[in-house]
1. In the neighborhood of D33, defined by Cβ-to-Cβ distances under 12 Å, what is the net charge if each Lys or Arg adds +1 and each Asp or Glu adds -1?
2. So if we plug the beta-carbon distance of R23 and Q106 into 1/(1 + (r/R0)^6) with R0 = 25 Å, what FRET efficiency do we get, rounded to 0.05?
3. With only Lys, Arg, Asp and Glu charged, each at its Cβ (+1 for the first two, -1 for the last two), find how big the charge dipole of the stretch 1-95 is about the Cα centre; round to the nearest 20 debye.
4. What does the charge count near G66 come to, summing +1 for each Lys or Arg and -1 for each Asp or Glu among other residues with Cβ under 13 Å from its Cβ?
5. Can you give the log10 of the normalised intensity I(q)/I(0) at q = 0.15, 0.16 Å⁻¹, computed with Debye over equal Cα scatterers of the chain?
6. Quote the relative contact order of the chain in percent (integer), defining contacts as alpha-carbon pairs under 8 Å separated by 6+ residues.
7. Hey, can you find the accessible area per residue of the stretch 6-161 for me, probe 1.4 Å, expressed in square angstrom?
8. Determine the alpha carbon to alpha carbon distance for each of K145/K210; K103/K152; K50/K145; K13/K152; K50/K190 and list only those over 29 Å.
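The values are calculated or read from the model by the stated rules, or taken from the named source; none is laboratory data. On a predicted model such as this, the values are computed, not experimentally measured, just so you know. In this analysis, Cβ positions are derived from the backbone assuming ideal geometry, glycine residues included, and neighbour counts consider all displayed protein chains. Calculation scope for accessible area: heavy atoms of the full protein, side chains included, ligands and nucleic acids excluded. Shrake-Rupley method; radii C 1.70, N 1.55, O 1.52, S 1.80 Å.
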Amino acid sequence: MRLILLGPPGAGKGTQAQRLVDRYGIAQLSTGDMLRAAVAAGTEVGLRAKAVMEAGDLVSDDIVVGIIADRVEQDDCQNGFILDGFPRTLAQAEALEQMLAEKSLQLNAVIEMQVDDAALIGRITGRYTCAACGAGYHDRNLQPKVAGICDKCGGADFNRRADDNAETVALRLNAYHEQTAPLLPFYQKKGSLLAVDGMADIDEVSGQIKAVLEAG
Ligand code: ADP
Ligand code: ADP
Ligand code: ZN
């Protein structure tokens, strides 16, 4: 199974990708997570990406395409993968098409998560993740069962992203509408686009994704 989760920042891509990993045993490839790891490690890619990410802009296509090209070669991608946050520009989508064609691989579906802009700010400013295992939470929408303790790993340290503030979110939303939204007609024409209502609650969205994948 090879999927793309497409939607604006805060749409719930990472949340649903974690559930798809558990359901299908495929790898989650989040370019945002990989870039943040590169920034934390101070690699050359990280040094190039840091200021761009803090400004809410998109990192250059050559950097992210290079990261994904390396990543899909790894063993855990053999059964498939979920692309979370990639592609984000038409140039990235075209590079992905070429990459898959060279490996004779096909995408099963592109899932569009539809969420109103007004809901995204609250989702992003309330978001935090477990420092140990990366599990995602939200101040109001998705709290750990025991306050302050990660459900998945028992960890007690949590992170918030530097770019998850209201000002940067507005810039990231602009980048989405200008550079990423054109991917919707691109995949629509190919017949691979399946939409779900990302405004629904988390379990409901998971159910819709399962349903469209089984129907499509
Ligand atoms: P993305 O990866 O698309 O940027 P996330 O999956 O990180 O988005 O979700 C953003 C925040 O919103 C997280 O804190 C998450 O817990 C919460 N969230 C995700 N899906 C929903 C939903 N359907 N309803 C309410 N909150 C959600
Ligand atoms: P979100 O889903 O909340 O938008 P991500 O974690 O996917 O956040 O991305 C965080 C930031 O990393 C983006 O604002 C952008 O600067 C950079 N980034 C992630 N994926 C890409 C990509 N495919 N192309 C360009 N920049 C990217
Ligand atoms: Zn954890």
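1. The answer is +3.
2. Details: r = 20 Å, r/R0 = 0.79.
Step by step, r from the Cβ atoms, then E = 0.80.
3. Magnitude of the dipole: close to 340 debye.
4. The answer is -3.
5. Taking Cα atoms of the chain as identical point scatterers yields -1.03, -1.20.
6. Once normalised by length, the contact order is 29 percent.
7. Numbers: 7700 Å² over 156 residues.
With all protein chains present, the stretch 6-161 gives 49 Å² per residue.
8. K103/K152; K50/K145; K50/K190
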